[in-house]
Each structure stands twice: as C-alpha cells, then as structure tokens.
1. Pulled fully out, how much extra length does the chain show between Leu285 and Asp156, if you take 0.36 nm times their separation in residues and subtract their Cα-Cα distance?
2. For Ser310 and Gln167 in the same chain, what is the full-extension length gain: residue separation times 0.36 nm, less their Cα-Cα distance, in nm?
3. Once amide H atoms are placed 1.01 Å from N in the peptide plane, what residues at a sequence separation of 5 or more from Ser203, or on another chain, have their amide H within under 5 Å of its amide H?
4. Would you mind getting me the FRET efficiency between Arg218 and Asn262? Use the beta-carbon distance for r and R0 = 35 Å, nearest 0.05.
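Throughout, read-outs are computed from the coordinates displayed, never taken from laboratory work. All values reported here derive from a predicted model rather than from experimental measurement. So basically every Cβ, Gly included, is an ideal-geometry build from the backbone, and we count neighbours across all protein chains shown.
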Amino acid sequence: MTHRWLLPLILAFSLPAFAAPPPIADSGSASDDAAAGSGVDRAAQPEPVVENEADDLPPGARILDTIVVSGVQPGPGMWKVSRDGRVLWVLGTLSPLPNRMEWNSLEVERRIAAAGVLLMPPRVTMTAEGAGLGGLFLVPSLMKARNNPEGELLEDVLPAADYARWQRLKAMYLGRDRGVEKRRPFLAAMELRDKAFDRAGLSWRDVVGRAVRRAAKRADVPVEQPAVSLVIEDARAAVKEFRQSGIDDLACFRTTLDQVENDLDTLALRANAWAIGDLATLEALPYADNAKACTDALLGTGLARSRGFSDLPARVEAAWLAAAEKALATHAESVAVLPMARVVGERGYLRALAAKGYAVEAPAPE
C-alpha cells in the first residue's frame, strides 16, 4: 500500500473518492477482533514470541538481524494530560507494527469505558467542486497523475547515482515491475518501502483503530475525529495542473530509500518496542524519518500553494488541540489516540498542551 496519509492527500486534490482517511482507518482482520476482545490480563502475559520473518526475502536482499515479536502483546502505556481534576488519556500508535502481533487492548478498553469521549487522530477531508458525478470522469486523469509529467521514466528524472541505487533495491523487492518506472519518484519509493516492510515482517495492519472504535461502541462512548475540511474548486483544472507540475521530491525519495537500505532493523526494533511497551527504547532509536521531507515536497507544489494548503499541518494540529481542550473542559475522563510522532518529539501535540498549562505525565516504565 502507498502511504496512508501522503498519497491520498495529493490525489484528493481532484477527486472526493480519494479524500484523505484518518491516520488510523476503521479496518482490520479477524485477528484484530480477537485481540480487541481477548480480555487477557497484562499480568498474565506470556513471554513475547519471536519469529524470523526474513526467510522469505528475495535473492540478494539483506536478512534482518532483528526478529519481530508475535502473539498477544500489551503495547505501550498511556500519557496522562490533566487540569482541574479532569484527565485526557492519550495512546500513541506506531506504523508499521509486527505482522503477526495481536494487541492486548484490555487496559485501553477500560479507560474508554470510563470516558466521556474517544478522540481519534485528526484527518483531512476534501470535497471537489465541478468534479461531475462524484468525480467519476476524473478517474483516468487521476491515475495518470501518479506518473511523471510528459511520460518521463525514473531514469530520466533522477540523478544517475540515485537511479543506480533505486535499480539495485528495486531488483531486491519489486523485481521486474515496469509500471513503477513511470511513477513520480516519491510514489515509486513508497511502493518499494511497502514491499520491503512486508518482507521484513512489518505491517500497516490497523491493530489499534478497529479495537478502540469497537470498545467505544460497546461502552456507548461517542467517537469524535477532528477534521480540517478543504474545498477544491474546479477539480478538472486541479487534476490537469497536478499532472503537468513537477514535484521537488528528491529528498523524500532519498530518505525513503534510506529506510529500506539502512533502517529495516531499526524499524523492526521500534515495532517490537511498541508491542512490548518499551517506550524508552522506542524514543531512543534513531531512524531516517521520511515524513517531513515527503510532506514538505507535497505541500510545496504549486497546486498546494495556490489552493492555500501549505499551512495544512498547522491547521490539523490546531483542530486536534481544540478538540482535546474541549474534551478536558467537558468530561471528567477522555481518551485520545494519536500517532506516536504527534505524542512525543519536536512535533508532538502534547508539548503544546503543556505550554498551555496542562500537566502532562508520561507512562511509567514497564
């Protein structure tokens, strides 16, 4: 799968059907259902089961030194944000996670059952004016927008050294796929990364989102999702503009390949750390984070600037903070789910709440 956040954001400029979903989608599998309702007590947890997922790597691919956990795992503790006796419990999520892991969600389910509201991660919703029949006739143009303008191939648009590196990694993970050679560099790199994650036993499977929504439904707790709404005027023109425009996505391309080439071990360790609730290790592991480079590339396009989308991350943060403060002012207890990068670190939303005078407490070490 292509990145859940970045690709829909750009493609949605011209088609409502591709409106950006929440970072945690309401989807899952039977194993998610079992994890959500397992009722397994954290204290009764078995030791993590580890399996070597790298045995199926294609010839020439590097075999991971790190093995990924499987079986039922506790996940991390929750951050506590409080003021005047009211509490917002925040669960940080991570992607990708171990493919065969099931999450013991009992502790979070208990918090949700006592909550007045469950806040899901913020999302961007997009509507297109002038799309006609819900944008049906724009689908062919939209699919072409994934490719380089004027029909160039990756070999034509990438520096020689970057293309040689791409070819080597592509042979390992994508084989003889010719269609990907037409893609814009950042999309080609994400296809490669997703395949590498899959081979390494890492998955985008939405373990958390489905479980918390079901817990809220069972407890009759309202679910809210802060949203920033964007309206695309003249969708046909937007599609044409994006198809013909270039994207300065070389930095995004390179950092994404860095993840594939150098950071699969680290990403597996991060996934393991989330699964077993080891937040200290999770925060201490450095890796090539491509999110900022890719977001900057996409929001720096002429289309994004002309439509007023360049400040989108700040608007999304403001929407979530407003919802969080409302929850804290209204309910004795609330629960929120956020990507870990929005919980801790320089771009963490909890820092903004702390700056407003809220008390923020990290989970106690396991």
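1. Between Leu285 and Asp156, full extension yields 42.9 nm more.
2. Going from the current span to full extension adds 48.2 nm.
3. Under 5 Å from the amide H of Ser203 lie the amide H atoms of Leu97, Asn99, each far enough along the sequence or on another chain.
4. 0.25
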